[in-house]
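A quick write-up on the structure given underneath.
The values are calculated or read from the model by the stated rules, or taken from the named source; none is laboratory data. Computed from a prediction, not measured in an experiment: that's the story for all the values here. No Cβ is skipped: glycine too gets one built from the backbone with ideal geometry, and neighbour counts run over all protein chains shown. For the accessible areas, the whole protein counts, side chains as well, though only heavy atoms, and no ligand, DNA or RNA atoms are used. Shrake-Rupley method; radii C 1.70, N 1.55, O 1.52, S 1.80 Å.
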Amino acid sequence: MQNSLKTLFPNFSGELINTIEENGSPQDFKTGTVLMRTGQYIKNTILIIEGKIKIFREDEDGGEFLLYYLHPGQACAISMICTAKSEKSQIMAKVVEDVSVMMIPLQLMDKWMMEHRTWYEFVIETYRSRFEEVLEVVDNIAFRSMDERLEFYLKRHSDSCGCNEIKLSHQEIANELNTSREVVSRLLKKMEQRGLVKLNRNQIELLKKN
């Protein structure tokens, strides 16, 4: 675990890595596991070692609104805030690729902020980067049409997985964009006609623009 922490969190001091190993709890979760629910008190924050986690909001009807993905070497800023303030979660977190994480107990958050400069800097950078991501999502919703939102969503998903093949059904995309499957299918067909994507069963291939 120490080698993984050194590789994924290169700015952590040796002392901090030793402290994380001594006090953290490594855990593995399978795809589909819900790690955090709306209204739940959060007792730990997590460092991602392997896999991918989706952070999203859920409405009263069960509709999902994607905020961002978490990858190895990252942590969830919103869970950090809720943990530090002992507040209930306002988000959902679901494993989308089998993950290995290091759980950090609530009581250590403030202590490490004061004792470890590299932890303090990591937390601040995590807040900043996640805030910028959420702002980009808000701008996308407020100022773009649905076809532009769909293109933004697909590009974001592609950047997240580092691949051009997006294995999502039209219904899954519709759920995350808070629209209907018919609208997504129609817009994807237009994108295919424009040479932006190639549509396959439950898979969308992003094509490079000329």
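Structure notes:
- To put it simply, the accessible area of the chain at a 1.4 Å probe is 47 percent carbon and sulfur.
- Counting only alpha carbon atoms, the long axis of helix 146-161 and the longest principal axis of the chain meet at about 50°.
- Contact order normalised by residue count of segment 52-210, Cα under 8 Å, 6+ apart, percent: 20 percent
- Candidates per GluC sites (Glu not before Pro) in segment 1-67, loop by DSSP, up to 13 other Cβ within 10 Å: Glu60
- Residue with peak Gaussian network fluctuation, the chain [Cα springs, cutoff 10 Å], from Ile46, Ile20, Ile141: Ile141
- Cα convex hull, segment 144-206: 74 Å³ per residue, rounded to a whole number.
- Just checking the listed ones, Ile91, Ile124, Ile78: in the Gaussian network model of the chain with Cα springs under 10 Å, the one fluctuating most is Ile124.
- Of Glu151, Glu182, Glu87, the one that fluctuates the most in a GNM where the chain has Cα springs shorter than 10 Å: Glu182
- Near the amide H of Ile91, within less than 5 Å, lie the amide hydrogens of Gly39, all on another chain or at least 5 residues away, with H placed in the peptide plane.
- Too-long pairs where the Cα-Cα distance tops 29 Å, listed order kept, from Lys30/Lys208; Lys52/Lys208; Lys6/Lys198; Lys30/Lys190: Lys30/Lys208; Lys6/Lys198; Lys30/Lys190
- Pairs of Cα atoms farther than 25 Å apart, segment 2-141, %: 23 percent
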